[in-house]
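None of the figures in this text is laboratory data; all of them are computed from the coordinates on show. Quick caveat, the model's predicted, so the values are computed rather than measured. Cβ coordinates were reconstructed from backbone atoms using ideal geometry, including for glycine residues, and neighbour counts include every protein chain displayed.
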Amino acid sequence: MWATCMAYLILDTNVNMEHDANKERKRAVDILEEAVKRKSSFYQTYYALGEYYFKNKLFDKASEVFHTAYIISKEKKYLYCEATSLLKASKLDEGVKILESLCVDPLIDEELYFTVTLTLGHTLALMGNIEKASEIADILIDEKYEDFDDADRILTDFMFTLGRFEYVINYYDINEYAEGISWRSEYFYSLKMLGKDAEALLKFESIVKSYEEEIELAEKEISFGGDDDYFESVDERDEDIVEIKEELRAIKKSYDDIFKDNIKPVKEPFFDIVYECYYIGCHLH
C-alpha cells in the first residue's frame, strides 16, 4: 500500500520532482517493482506499474501487470488495458482474442463496451477483415454514444479506415471547427474518393482565406497588454503569427499530397488504456 500510494504522489502529483524529475520517476518505478516482487495484494499496484510501462512504450511488460490487476480485481477494464497493450506490442491476434471475449460479456458497462467494440473493429479493419469490421461499424452507428468523450471523432477515424467516406465528410461538415488540422487530410481525401474535387477546392480556398485573414489581422495589431487587447506583447503576437502560418502551410501540404501526389493519409488507430486514480483509499475516488 505504501509503495503504491507513494508512487502515485510522485508520478501523478509531481511531489519532490522540481530538482530531479528523472530520479524521482525511477524511484517510483523501483518501489512499485519491488512491491510486485513481494506479490502485493492490491490490484492498484499492478495497474500503476502498467500505466507507467504503457506510457513509456514497454507494452509487453504492461500487458503482464495489467493481467495481474484483472486477476486480483476481476474488473474488465484492466483486461481491456491488457488487450490494448498487446495491440501496441503488435500482438494483434492475442489482443483481438481478449477484445472479442469482452464484446460478448453481458456485464460490461456501456462506455467500456463502446471502447472495446470500436477498438476491435478498427483492429480487424487494419488486419484486412473488412467484413467483420463493417458489421461492427453498423452496430456502433446504430447506437448513441454522444456522452462519451471524443466518441464521434474516434468512430469517424474508424469509418475512414473502412472507406466509408460519406460518413467522414458528413461528420466534418457538421463539426467544421474541430480542433487541430490533422482531420483536414481525411476530409479532403474522402471528397476526392467520391469524385468531389470541385467541392474540395472550394473548401480548401475558403480555409486558406480564413487563415490569411487571421494573419493579416494579427499583423495589424499594435496595442498590447490592455484589458481589451488580444495580445499581451509583441513577442506573443509574433509567436501566434508563426503558429498560424505553420498550420496554413500544413493544410496546403495535405491538400497537395492528396490532389497532386495521390498520397493517402495514414490514420493510426487510437489504442489507449483506461486512466484512473490508483491511490489506495483515495477519498475522492
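Mean projection of the alpha-carbon convex hull of the range 1-122 over all orientations, in nm²? Approximately 7.8 nm², given one-decimal rounding. By the compact-protein rule of thumb, 2.2 N^0.38 Å, the alpha-carbon radius of gyration of the range 50-208 corresponds to a ratio of 1.18. Diffusion coefficient of the chain by Stokes-Einstein, Kirkwood radius over Cα pairs, 25 °C, 0.890 mPa s: 111 µm²/s.
For the chain, averaging the sequence separation of C-alpha pairs within contact (under 8 Å, six or more residues apart) and dividing by the residue count gives a relative contact order of 17 percent.
Mean residue ellipticity at 222 nm, helices only, the chain: -22500 deg cm²/dmol; runs of at least 4 DSSP H residues each add -39,500 (n - 2.57), and the sum is divided by the number of residues. For the pair the range 47-93 and the range 216-285, the centres of their Cα atoms are 31 angstrom apart. Highest mobility in the GNM of the chain, judged by mean-square fluctuation with C-alpha springs under 10 Å and restricted to LEU162, LEU118, LEU202, is found for LEU202. Here the Gaussian network model covers the chain, with springs between Cα atoms less than 10 Å apart; of THR119, THR13, THR84, THR13 fluctuates the most.
In the range 75-156, which GluC sites (Glu not before Pro) are in a loop and have at most 10 other Cβ atoms within 10 Å, using DSSP for the loop call? Within the range 75-156, the qualifying GluC sites (Glu not before Pro) (loop, at most 10 other Cβ atoms within 10 Å) are GLU146. Normalised by residue number, the volume inside the convex hull of the Cα atoms of the range 108-169 is 76 Å³ per residue.
Gyration tensor over the Cα atoms of the range 217-285: the corresponding equivalent ellipsoid has semi-axes (square roots of 5 times the eigenvalues, largest first) of 36, 31, 7 Å.
Plainly put, the range 69-149 has a radius of gyration that is 0.96 times its Kirkwood radius, both from alpha-carbon atoms, as the Rg/Rh ratio. If only the Cβ of Lys and Arg carry +1 and only the Cβ of Asp and Glu carry -1, the dipole of the chain around its Cα centre is close to 1860 debye. Cβ-Cβ distance of CYS103 and ASP150, R₀ of 22 Å, FRET efficiency by 1/(1 + (r/R0)^6): the value works out to about 0.60.
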